[in-house]
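Where a number appears in this text, it was derived from the coordinates with a stated rule and is not lab data. Not measured: the values here are computed from a predicted model. Glycine gets a Cβ as well: all are built from the backbone with ideal geometry, and neighbour counts include every protein chain shown.
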């Protein structure tokens, strides 16, 4: 969860450093951040009156730039093949809902941390890039955060976030594997739904 909270903060911060080697990938993050921040600023009073609104804003502004199917496939890992098409879609929907609500909570905690964007580099697979960044706060060591993006059509989408060397997807994979081993695919789906219902 720490990874999601920091990643959500990072997506909402104004970039301070170089925009990276691939402008389409890094500019996407900048445009999304600007839109999310300006919308939140303009509707802050409304969000405070109606907290559920922040989930809706994240769902409409941030979520379209994540590849939730790829994230879910990677997080479920080898057990993905054993899930039926219906179960796979339920996993994607449930994981997406959980991540959206978790990001929404992180957004409300943003307090102006400085963000440095470094030059993007090619990913380990064809059609992917990594955008390295650092979160800097007074009195604390910089936190390195790498955004892994995959090319989908004419745009880039985030499919993993690595914070201080720890992959968000890999972290969830360990949790998911344990749940599937004891409760099966349906048990994981129910667990994701329950966490979302509790407010992530």
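Evaluate E = 1/(1 + (r/R0)^6) for residue 137 and residue 80, where r is the Cβ-Cβ distance and R0 equals 41 Å; express this FRET efficiency to the nearest 0.05.
On the way: r = 37 Å, r/R0 = 0.91.
Here the calculated transfer efficiency is 0.65.
What do you get for the angle between helix 23-42 and the principal long axis of the chain? Use alpha-carbon atoms, 0 to 90 degrees, nearest ten.
Here the helix axis deviates by roughly 80 degrees.
Compare 104, 25, 181 in a GNM of the chain, Cα atoms joined below 10 Å, and give the one with the largest fluctuation.
Taking springs between Cα atoms under 10 Å, the residue moving most is 181.
How far is helix 85-107 tilted off the main Cα axis of the chain, in degrees rounded to 10, range 0 to 90?
In the chain, helix 85-107 runs at an angle near 30 degrees to the longest axis.
Which value at 222 nm does the chain reach when only helices count, each DSSP H run of 4 or more adding -39,500 (n - 2.57), with the total divided by all residues and rounded to the nearest 500 deg cm²/dmol?
-18000 deg cm²/dmol
Computed from these coordinates, which is semi-axes √(5λ) of the Cα gyration tensor in Å: (1) 36, 17, 14; (2) 31, 19, 14; (3) 27, 21, 15?
(3)
With the crude spin-label approximation of a point 7 Å out along Cα→Cβ, what separation in nm comes out for residue 119 versus residue 183?
Using points 7 Å along Cα→Cβ, the separation is 4.7 nm.
Please state the relative contact order of the range 2-197 as a whole percent: Cα pairs under 8 Å, 6+ residues apart? If you can, show how the numbers build up before the last one.
Working: 285 pairs, mean separation 54.5, N = 196.
Value for the range 2-197: 28 percent.
What percent of all Cα-Cα pairs in the range 90-200 falls into each 5 Å bin, going from 0 up to the bin containing the maximum distance?
Going out from 0 Å in 5 Å bins, the range 90-200 shows 2, 10, 14, 19, 19, 17, 12, 5, 1 percent.
Tell me the angle of helix 168-197 to the major Cα principal axis of the chain, expressed in degrees between 0 and 90 and rounded to the nearest ten.
70
Return, ordered by residue number, the residues of the range 61-82 whose backbone nitrogen is under 18 Å from a label point located 7 Å along Cα→Cβ of residue 170.
Within reach of a label on residue 170, which here means backbone N under 18 Å from a point 7 Å along Cα→Cβ, the range 61-82 contributes 71-79.
Quick one: grab the alpha carbon gyration tensor of the range 133-196, order the square roots of its eigenvalues as a ≥ b ≥ c, and give me rounded if a/c is under 1.5, else prolate or oblate depending on whether a/b is larger than b/c.
It comes out oblate by the Cα gyration axes.
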